[in-house]
Amino acid sequence: MDFTKWESADTPRALFLSASDGHGTTEFCSHTVDLAKKESNCTVLYFFCSSAKQPRCSTILIHSLLRQIVGGSSDENSNSIAAAFLNTLMGGHIQRSSDIREDDPLDKTVRKILDAPDDELLEALTEAIKKAGIQEFSIIVDGLDENTAFGLFGILRKAAPKSTFLLTSQHPLETTPYGMTYIEYDKERKGLHTCHSSRGSC
């Protein structure tokens, strides 16, 4: 399966692969990142959850994707992208609390703002993508939990609807979001099914 060539409008642009104990998903994702960088003309965002400390893996994921977006932008645009991210978080922080003090050091204030709930971080990441002007990207994330996967997929496909997703987990999905193809490795290996999606059988 060549993940980098999902270009037809009739072909699912999001694949979720679950495999207990990993079963090589990290290697698969790593290989796909290399292919996407070589063969895709769009921005490639990637993250491996095994590299992050729990329980704030989702926070580190979002911060890492932001760094990749900023790092791939021009110096002129990178500051406005970061500002869009922080301004969005600041608005949510003010609504939730008022623990920012005028005499706090700047780094302490920034840490407070960045320590936001996942939904606010995802919203801020969306604003950063809009500011960056990214219309299409490939996002590859290995080792997600179901809630983080659905949140990431749901909000980012709206920000850049032409994008392509490859997400993996060690846990099977209970439901499959619209537009996503789901393959459960153990059942696939045993011939119990090939794959399924909210659009019907593959």
Legend entry - Diffusion constant of segment 50-192 at 20 °C, which comes from Stokes-Einstein with the Kirkwood Cα-pair radius and 1.002 mPa s, µm²/s: 128 µm²/s
Inset, instruction - Calculate, for residue 75 and residue 175, the FRET efficiency according to 1/(1 + (r/R0)^6) with r their C-beta to C-beta distance and R0 41 Å; round to the nearest 0.05. - result: 0.45
Legend entry - Which of 103, 21 has the fewest Cβ neighbours within 10 Å, and the rest in rising order: 103, 21
Legend entry - Sequence of 107, 119 once ranked by neighbouring C-beta atoms within 10 Å, starting from the fewest: 107, 119
Inset, instruction - For residue 182, enumerate residues with amide H under 5 Å from its amide H, sequence gap 5+ or separate chain, H modeled in the peptide plane. - result: 16, 196, 197
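Only the coordinates and a few stated rules stand behind these numbers; no lab work does. Keep in mind that this is a model prediction, so the values were computed, not measured. Cβ sites come from the backbone with ideal geometry, for glycine too, and all protein chains shown count toward neighbours.
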